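The values are calculated or read from the model by the stated rules, or taken from the named source; none is laboratory data. Bear in mind that the values here come from a model prediction, so they are computed numbers and not experimental data. Neighbour counts are summed over all protein chains in view; Cβ atoms, including those assigned to glycine, are modelled from backbone coordinates with ideal geometry. Side chains included, ligands, DNA and RNA excluded: accessible areas come from the protein's heavy atoms. Shrake-Rupley method; radii C 1.70, N 1.55, O 1.52, S 1.80 Å.
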Amino acid sequence: MKLIIQIPCLNEAGTLAITIAALPRTVAGFDQVEWLVIDDGSTDGTAELAKELGVHHVVRHPVNRGLAVAFMSGLDACLRLGANVIVNTDADNQYEASDIPVLTAPILQGQADMVIGARPIDETEHFSWVKKKLQRLGSWAVRVASKTKVQDAPSGFRAISRETALRLNVFNAYTYTLETIIQAGLSDLVVKSVPIRTNPDLRPSRLVKSIRSYVKRSLGTIVRVFVIYRPLLIFVSAGTICIALGLVFGIRFLTFYLAGEGEGHIQSVILTALCLILGALMMMMGLIADLIAVNRKLSERILLRVQRIGLMLEEKSPRE
């Protein structure tokens, strides 16, 4: 059994040494533990420093492509290197590395496909009151969207099984944290939360430049993933609301019309027609989107099989 701990990095020369020093060289249940750094277009020598610190593998992006792309590049590299379980952590030493066995245990025991480390948010001093409440609200929204019981959805400290890593596809370049949970939950993968510890803050977050921007991007990610994975629900719900409003306006006009006061209420007729037409269009869009979603699922299955075959061939080639 091989465990690979991956660390996405962007100009982390100032904190990487502290993070690497805390990583375990052995973890219960694994025969091999290796480290992998994804250098996402750093300009401060992060990749060179990683090699000097004894990191086993380094993946470099020539330019900055975003956290989500770096995360997926790490998963692809870990799969090619034969990882059975992948642990993702941050380069700023935010998470307590000695809790890695806590993350991997549910996967080794066959109880989960993905394990998310839940930080003690209420006890984290460098989180403002507003950020704490938004973290709670965001995690609640992800739980509703994904049908999971994840307590800390934005947490980047997570363990992923090999099979789950093969099935994940991230469409958003901003962050992988929310999308991967929603995708896993809606794909019937078992997602579990475990409490973990955190370390003192070494630097400000680069992902959350402002609360407003973070909320806007996070909500956009949730809506986009919902449209991708539950399009029929989204469009049928919107269409039903439009049709219901159209019926309300229509009944209002009929009430006045039967009372002999139909003149002067032509606006209700126009609104009725607009709402009914819009509702019907939403219903049709939902059906079309649902058919597209079926094709997407078939494509994902084909891609999964191709990846499995490719990895099997890569594993056999060195022996031959």
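Listing for the model above:
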| item | result |
| --- | --- |
| Residue under evaluation V190, criteria (1) buried (at least 16 other Cβ atoms within 10 Å of the Cβ); (2) within 18 Å of G74 (Cβ to Cβ); (3) hydrophobic (A, V, I, L, M, F, W, C), criterion not met | (2) |
| Criterion: of a type in the set (G, A, S) and closer than 23 Å to A91 by Cβ - qualifying residue of A165, A145, A141 | A165 |
| Every residue from region 1-46 that is closer than 20 Å to V102 by Cβ and of a type in the set (D, E) | D31, E34 |
| Residues of region 37-56 that turn out to be open to solvent by 10 Å² or more (accessible area, probe 1.4 Å) and acidic (D, E), as a count | 3 |
| All positions within region 1-36 that are surrounded by 18 or more Cβ atoms within 10 Å (Cβ to Cβ), assigned to a strand (DSSP E or B) and in contact (Cβ under 8 Å) with a residue 40 or more places away in the chain | L3, I4, I5, Q6, I7, P8, C9, E34, L36 |
| All positions within region 85-101 that are under 21 Å from the mean Cα position of the chain (by Cα) and either over 18 Å from I20 (Cβ atoms) or among the aliphatic types (A, V, I, L, M) (or both) | V85, I86, V87, A91, I100 |
| Conditions (1) β-branched (V, I, T); (2) modelled with pLDDT under 80; (3) open to solvent by less than 40 Å² (accessible area, probe 1.4 Å); number of the one not met by V223 | (3) |
| Out of I211, I196, sole residue that is at pLDDT 75 or above and either open to solvent by 60 Å² or more (accessible area, probe 1.4 Å) or among the β-branched types (V, I, T) (or both) | I196 |
| Tabulated pairs, region 56-82, first touching a residue at least 24 places away in the same chain (Cβ under 8 Å), second among the basic types (K, R) and in a helix (DSSP H, G or I), C-beta under 9 angstrom, 6+ apart or interchain | C78/R162; L79/R162; G82/R162 |
| Scope region 278-299; condition in contact with a helix residue (DSSP H, G or I) (Cβ under 8 Å, 6 or more places away or on another chain) and open to solvent by 100 Å² or more (accessible area, probe 1.4 Å); matching residues | L287, I292 |
| Residue pairs meeting the criteria (Cβ under 9 Å; at least 6 apart or on separate chains; first in contact (Cβ under 8 Å) with a residue 24 or more places away in the chain, in region 128-148; second among the aromatic types (F, W, Y) and surrounded by fewer than 21 Cβ atoms within 10 Å (Cβ to Cβ)) | K131/Y214; L134/Y214; G138/Y214; A145/F226; A145/Y229 |
| Candidates I107, I100, filtered to the one that is over 24 Å from A13 (Cβ atoms) and modelled with pLDDT of 95 or more | I107 |
| Test: residue in region 66-85 that is at pLDDT 95 or above, under 22 Å from K149 (Cα atoms) and not basic (K, R) | yes |
| Region 37-62, residues that are of a type in the set (A, V, I, L, M) and outside any helix (DSSP H, G or I) | V37, I38, L53, V55, V58, V59 |
| Residues satisfying the stated conditions in region 64-117, i.e. hydrophobic (A, V, I, L, M, F, W, C), touching a Lys or Arg at 6+ places or on another chain (Cβ under 6 Å) and not in a loop (DSSP other than H, G, I, E, B) | V115, I116 |
| Some residue of region 104-114 being in contact with a helix residue (DSSP H, G or I) (Cβ under 8 Å, 6 or more places away or on another chain) and either open to solvent by 20 Å² or more (accessible area, probe 1.4 Å) or not small (G, A, S) (or both) | yes |
| Output for region 255-275, where each listed residue is open to solvent by less than 60 Å² (accessible area, probe 1.4 Å) and of a type in the set (A, V, I, L, M) | V269, A273 |
| Every pair of residues 6+ apart whose Cβ atoms lie under 6 Å, when the first sits in region 239-252 and is charged (D, E, K, R) while the second is open to solvent by less than 80 Å² (accessible area, probe 1.4 Å) | R252/S268 |
